[in-house]
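To keep things clear, I will list the structure first and then write my remarks on it.
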Amino acid sequence: MKTIFSTFAASLALTLSLPAAAQDAGQKAGNSEPAAVAPARLDAARVTVDYLFPLGTYERMMKGTMDQLMDSILTQTFDRPVAETMKGYGLEDKTLDELGDSSFNDIMKQRDPHFEERMKISTRVMMDEMTDLMTRMEPALRDALTRIYARKFTVPQLAEMNAFFATDTGSAFARDYMMVFVDPEMMESMMGMVPEMMQSMPAIMKKVEAATAHLPPPVAQPADRTDDSLSQMEDDQ
């Protein structure tokens, strides 16, 4: 459970960074280097990024708002019946029916009466650590954004954007541009999509099976050979 929680939180934080870096990474796919950008365009783009993604943006996004979001996500996730959740992911097992309407919370509370409090504390610690991590990554993400804007827009276009951002209206827009994505109303809307996503999962998994049906099944390695391989790896270390 701790592993699932940690992975989920890390994935969520990383997802927030993707808009800033994904396009730049895409330019490097296939070992092709992005074309050189004129210094004037980089200078203009840097001003744009200062408006739209100033240093400290991730701290603003993740402090408070993300804590509440994580609490909401965990509450909704752990309050769902285990059988319903697992079947939503396409897992069919007779033992799931034996769980009835028992939720993750129900099961975990039997093992740990302080489960809810433990998870809330874990959420706070995790988000604090992720905030520090993303803050350290922020300069590199800002550099990536600068290169992206410099490639996509000309100096005159960037100058027009920067002139708008320098106005009262433009400044207000730029200041809260990223915050819109973690606004409680946006989060509530996204959470409202979860039930439909869960209902769609079995059909999606069937399409995945159909699309990979032409591939031979994975070859199961005998347990004794696996143990020998692990032992050999330990010896090599």
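Considering only region 101-118, state which residues are of a type outside the set (A, V, I, L, M, F, W, C), part of a helix (DSSP H, G or I) and surrounded by 13 or more Cβ atoms within 10 Å (Cβ to Cβ). Spell out how you get there, then give the answer.
Restricting attention to region 101-118, the residues satisfying the condition of being of a type outside the set (A, V, I, L, M, F, W, C) are 101-103, 105-106, 109-114, 116-118.
Pick out the ones that are also part of a helix (DSSP H, G or I) and you get 105-106, 109-111, 116-118.
Scanning region 101-118 gives N105, D106, K109, E116, R118.
Scanning region 167-187 for residues that are more than 18 Å from E59 (Cα to Cα) and in contact (Cβ under 8 Å) with a residue 40 or more places away in the chain turns up G170, S171. Sub-6 Å Cβ pairs linking a first residue in region 141-152 that is under 10 Å from V37 (Cβ atoms) to a second residue that is hydroxyl-bearing (S, T, Y), at least 6 apart or interchain, are Y149/T48, ordered by first then second residue.
Of the helices (runs of 4 or more DSSP H) lying entirely inside region 133-208, those carrying at least 3 residues that are over 21 Å from the mean Cα position of the chain (by Cα) and modelled with pLDDT of 95 or more are 155-165, 168-176.
From the list Y51, Y58, the lone residue that is more than 16 Å from the chain's Cα centre (by Cα), modelled with pLDDT of 70 or more and crowded, with 18+ Cβ neighbours inside 10 Å is Y51. Per the conditions (1) surrounded by 13 or more Cβ atoms within 10 Å (Cβ to Cβ); (2) more than 22 Å from V47 (Cβ to Cβ), the sole criterion not satisfied by D183 is (1). The set of residues from region 119-142 being under 14 Å from L52 (Cβ atoms) and surrounded by fewer than 20 Cβ atoms within 10 Å (Cβ to Cβ) comprises E138, R142.
The values are calculated or read from the model by the stated rules, or taken from the named source; none is laboratory data. As the structure is a prediction and not an experimental result, all values here were calculated from the model. Note that we place each Cβ from the backbone using ideal geometry, even for glycine, and neighbour counts take in every protein chain shown.
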